[in-house]
Amino acid sequence: MSNLPLLQAKNISKSFDYTLFENINLSLLSKQSIAIMGRSGSGKSTLLHILSTLLKPDNGNVKLFDTDIYQLKDSKVEELRRKMIGIIFQSHYLFKGMSVIDNIKSATLLANTKIDYSIFEMLEIDNIINKRVGDISGGQQQRVSIARVLSKKPKIIFADEPTGNLDKETANIVMNTLDNYVKENDAALFLVTHDYEIAKSCQKLYILDNKKLILK
């Protein structure tokens with residue numbers, strides 16, 4: 001089992017009013033990070049949603065941990081989302097009226113994990129954990145949302161533009177934290193970004209262009 005990819009996608013295709021992409025093949029190993037780049041509208045976020053259980057492809061199959069996720073019952077998919085995968089969205093989806101620490105506790109309770117305070121230090125938010133989310137900056141909220149995902153101890157992190165609203169220094173802090181997490185927890189990272197410098201920090205870089213996924 002340990003030699004199998006954590007994620008394996010075969011012949012993935014998706015269309016809405018037009019074909020976004022077709023015959024996408026991809027695998028993601030333990031301790032590996034992959035970045036996907038491409039023009040707006042090329043389907044990067046859609047591909048992330050398909051690989052992370054949120055959107056069924058038109059064709060092909062997706063295996064997470066050697067299980068075809070779109071053949072599972074909803075309850076099993078929900079369990080995967082709670083315990084095995086973490087999704088970092090462009091929007092924060094935090095509870096604004098709650099404190100930072102209570103937002104993170106809500107995720108650890110669902111995943112049955114313990115809070116790792118070292119994550120707060122790495123993301124440089126350890127000094128705001130008792131503040132209400134509504135009273136901290138947008139950049140701090142983004143890092144809190146990342147800390148909340150990592151506190152679940154996922155085996156695969158799906159990150160959609162996790163540094164899109166951050167300055168360069170803070171973006172580097174986030175990427176160093178994600179890289180460290182992946183290595184220390186035998187996890188993996190699937191990252192969508194417009195930032196070439198951020199993409200280069202991953203082990204593999206793909207371009208989604210003309211309906212195909214191209215390894216750079």
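Determine which member of the set LEU4, LEU64, LEU55 is modelled with pLDDT of 95 or more, open to solvent by 30 Å² or more (accessible area, probe 1.4 Å) and of a type in the set (A, V, I, L, M, F, W, C).
Answer to the check: LEU55.
Take region 24-46 and flag every residue that is under 19 Å from LEU178 (Cβ atoms) and either open to solvent by less than 50 Å² (accessible area, probe 1.4 Å) or of a type in the set (Gly, Ala, Ser) (or both).
Across region 24-46, the qualifying residues are LEU26, LEU28, SER30, GLN32, SER33, ILE34, ALA35, ILE36, MET37, LYS44, SER45.
Tally up the residues in region 71-103 that are open to solvent by less than 50 Å² (accessible area, probe 1.4 Å) and more than 19 Å from the chain's Cα centre (by Cα), please.
3
Within region 91-103, how many residues turn out to be in a loop (DSSP other than H, G, I, E, B) and touching a strand residue (DSSP E or B) at 6+ places or on another chain (Cβ under 6 Å)?
Qualifying residue count, region 91-103: 0.
The values are calculated or read from the model by the stated rules, or taken from the named source; none is laboratory data. What you see is a predicted model, and the numbers here were worked out from it, not measured in a lab. Heads up, the Cβs are rebuilt from the backbone with ideal geometry, glycines too, and the neighbour counts pull from every protein chain shown. Quick note on the areas: whole protein, heavy atoms, side chains included, nothing else; ligands and nucleic acids left out. Shrake-Rupley method; radii C 1.70, N 1.55, O 1.52, S 1.80 Å.
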